[in-house]
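The values are calculated or read from the model by the stated rules, or taken from the named source; none is laboratory data. Everything numeric in this text was worked out from a predicted model, so none of it was measured. Using ideal geometry, Cβ is built from the backbone for each residue, glycine included, and neighbour counts are taken over all protein chains shown.
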Amino acid sequence: MNISQTSYTIVDYCDAMVRKEIVVNREYQRSDGVWPNSARSFLIETILLGYPIPKLYLYQVTDLKSRKTTKQIVDGQQRSYTILDFYQDKFVISRTSELDEVKGKGFSQLPEEYQRKFIEYMLSVDLFISATNEEIREVFRRINSYTVPLNNEEKRHSRWQGEFKWYIYNLSKKYDQTFVNVGAFTDKQLIRMTDAKLFTEITFALLNGLKTTTGSSLDKLYKDYNDDFPNTREFLKRFNSAFVILSNWEELHGTAIMRPHILYGLLLGIIHKEKTVETLQEVYKFSNREVKRDEIIVNLSRLAAAIDSPEDAPTRFQPFVEASAKTTNEASRRKTIFKWICRAIEEEKV
């Protein structure tokens with residue numbers, strides 16, 4: 001078996017598909033289903049921005065009788081058909097695209113600059129030559145054997161391509177640097193989508209209250225709102241307001257209060273204080289008392305100090321210290337942390 005690393009411009013690749021010189025190998029493709037428009041649009045936007053996309057894998061086959069050579073797609077069916085369909089004006093780019101010049105447009109409607117970027121984009125291809133089906137399967141077994149296994153959040157974003165996935169994606173993209181700045185996550189953690197996990201957990205709480213979450217309950221969230229997530233606009237506004245406040249509390253950045261399982265309660269507390277969240281009312285009801293910024297900073301700093309030095313913390317902080325002692329998704333611990341965060345935001349002194 002030989003593997004040739006090659007490349008195609010999109011125009012050459014699409015024309016080869018039209019001529020049936022590049023076809024799908026059904027034995028290797030997992031599904032005949034089509035990505036939703038949000039996912040297809042995101043791929044095209046990625047290409048127009050000049051970012052790399054995963055390489056395609058083709059298997060070159062020559063018919064000895066006809067002496068005709070074809071290339072079969074063994075990995076990359078959805079990407080290939082998405083690119084071809086856009087090239088043939090079969091769908092338009094989402095109106096939520098970050099590229100204002102291309103929103104709601106098909107290929108032929110794009111400005112010439114973007115048409116050229118699209119058709120001249122280079123697709124990276126590994127071409128299997130003189131390979132058997134067994135050898136191709138072994139290639140992918142070996143690739144998967146040394147690839148870092150996907151964590152649960154990565155699996156969700158790989159499986160689901162609907163509205164909820166893109167809502168979480170947009171939150172992560174917008175606030176990833178803020179998470180780094182406040183000391184919540186490292187770049188390495190962000191690459192593994194720990195921020196997406198936090199946003200998913202907080203969104204679950206906004207919808208369902210403070211409950212113990214499991215992998216299956218978060219999976220269900222992506223499934224239930226795959227076709228439509230009607231809270232998108234409202235929740236994006238709530239998060240934006242909360243992150244403005246969080247960014248301005250500079251004295252707290254890098255402290256224990258920014259640890260993800262504490263930040264979970266902090267962001268929910270800020271959101272709840274700004275505008276009542278009905279699902280959180282049973283845990284804590286805010287009064288109309290307005291607290292000065294400096295009082296809030298002092299209160300939250302006391303909680304951070306109690307986490308760092310539990311042996312020196314006042315006795316009244318013991319429930320908070322015990323609940324914060326380890327990362328958790330348990331409802332009881334989350335409720336305790338949330339209550340103390342809300343008290344720190346509302347009371348003159350905790």
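Can you pull out the residues in the stretch 273-312 that are at pLDDT below 95 and aliphatic (A, V, I, L, M)?
Correct list: VAL291 only.
Which count do you get for residues in the stretch 48-62 that are farther than 16 Å from ARG137 by Cβ and in contact with a Lys or Arg (Cβ under 6 Å, 6 or more places away or on another chain)? Before you say what the answer is, go through the steps one by one.
Within the stretch 48-62, the subset farther than 16 Å from ARG137 by Cβ is 48-56, 60, 62.
Next, from what is left, pick out any that are in contact with a Lys or Arg (Cβ under 6 Å, 6 or more places away or on another chain): 48, 60.
Adding up the residues that qualify gives 2.
Inspect all residues belonging to the stretch 19-29 and state whether any of them is touching a residue at least 12 places away in the same chain (Cβ under 8 Å), among the aromatic types (Phe, Trp, Tyr), assigned to a loop (DSSP other than H, G, I, E, B) and closer than 30 Å to MET1 by Cα.
Going through the stretch 19-29, the residues touching a residue at least 12 places away in the same chain (Cβ under 8 Å) turn out to be 20-25, 27-29.
Then drop every residue that is not among the aromatic types (Phe, Trp, Tyr), which leaves 28.
Those left that are additionally assigned to a loop (DSSP other than H, G, I, E, B): 28.
If we keep only those that are closer than 30 Å to MET1 by Cα as well, we get 28.
Yes, the stretch 19-29 contains a residue that is touching a residue at least 12 places away in the same chain (Cβ under 8 Å), among the aromatic types (Phe, Trp, Tyr), assigned to a loop (DSSP other than H, G, I, E, B) and closer than 30 Å to MET1 by Cα.
Being surrounded by 12 or more Cβ atoms within 10 Å (Cβ to Cβ), under 28 Å from the mean Cα position of the chain (by Cα) and over 30 Å from ASN231 (Cα atoms) is the filter here; which residues of the stretch 120-172 pass it?
TYR121, MET122, LEU123, SER124, VAL125, ASP126, PHE140
Hey, PHE91 hits all of (1) out of contact with any Phe, Trp or Tyr (no Cβ under 7 Å at 6 or more places or on another chain); (2) surrounded by fewer than 16 Cβ atoms within 10 Å (Cβ to Cβ); (3) part of a loop (DSSP other than H, G, I, E, B) but one; which does it fall short on?
Single failed check for PHE91: (2).
Just to check your reading of the model, which residue among ILE202, ILE191 is closer than 23 Å to ASP219 by Cα, buried (at least 20 other Cβ atoms within 10 Å of the Cβ) and in the same structural domain as LEU266 (by TED's automatic domain parsing)? Explain how you work it out, then say what you get.
On the way: ILE191 fails: buried (at least 20 other Cβ atoms within 10 Å of the Cβ).
Testing whether each residue is closer than 23 Å to ASP219 by Cα, buried (at least 20 other Cβ atoms within 10 Å of the Cβ) and in the same structural domain as LEU266 (by TED's automatic domain parsing) leaves just ILE202.
Looking at PRO314, PRO319, can you tell me which residue is touching a helix residue (DSSP H, G or I) at 6+ places or on another chain (Cβ under 6 Å), exposed (fewer than 15 other Cβ atoms within 10 Å of the Cβ) and farther than 23 Å from ASP176 by Cα?
On the way: PRO314 fails: touching a helix residue (DSSP H, G or I) at 6+ places or on another chain (Cβ under 6 Å).
Going through PRO314, PRO319 in turn, the sole match is PRO319.
In the stretch 188-247, what residues are over 14 Å from the mean Cα position of the chain (by Cα), over 20 Å from HIS272 (Cβ atoms) and among the charged types (D, E, K, R)?
Residues satisfying the conditions are LYS188, LYS220, LYS223, ASP224, ASP227, ASP228.
Mind listing just one residue for me: the one in the stretch 330-350 that is out of contact with any Phe, Trp or Tyr (no Cβ under 9 Å at 6 or more places or on another chain) and more than 19 Å from TRP249 (Cα to Cα) and, of those, surrounded by the fewest Cβ atoms within 10 Å (Cβ to Cβ)?
The selected residue is SER332.
Please tell me if ALA196 is without any contact (Cβ under 8 Å) to a residue 40 or more places away in the chain, hydrophobic (A, V, I, L, M, F, W, C) and part of a helix (DSSP H, G or I). Quick ask: steps written out before the conclusion?
Working: without any contact (Cβ under 8 Å) to a residue 40 or more places away in the chain: no; hydrophobic (A, V, I, L, M, F, W, C): yes; part of a helix (DSSP H, G or I): yes.
So ALA196 does not fit the description; no.
Restricting attention to the stretch 36-79, report how many residues are touching a Leu at 6+ places or on another chain (Cβ under 7 Å), part of a loop (DSSP other than H, G, I, E, B) and either surrounded by 17 or more Cβ atoms within 10 Å (Cβ to Cβ) or of a type outside the set (A, V, I, L, M, F, W, C) (or both).
So the answer is 1.
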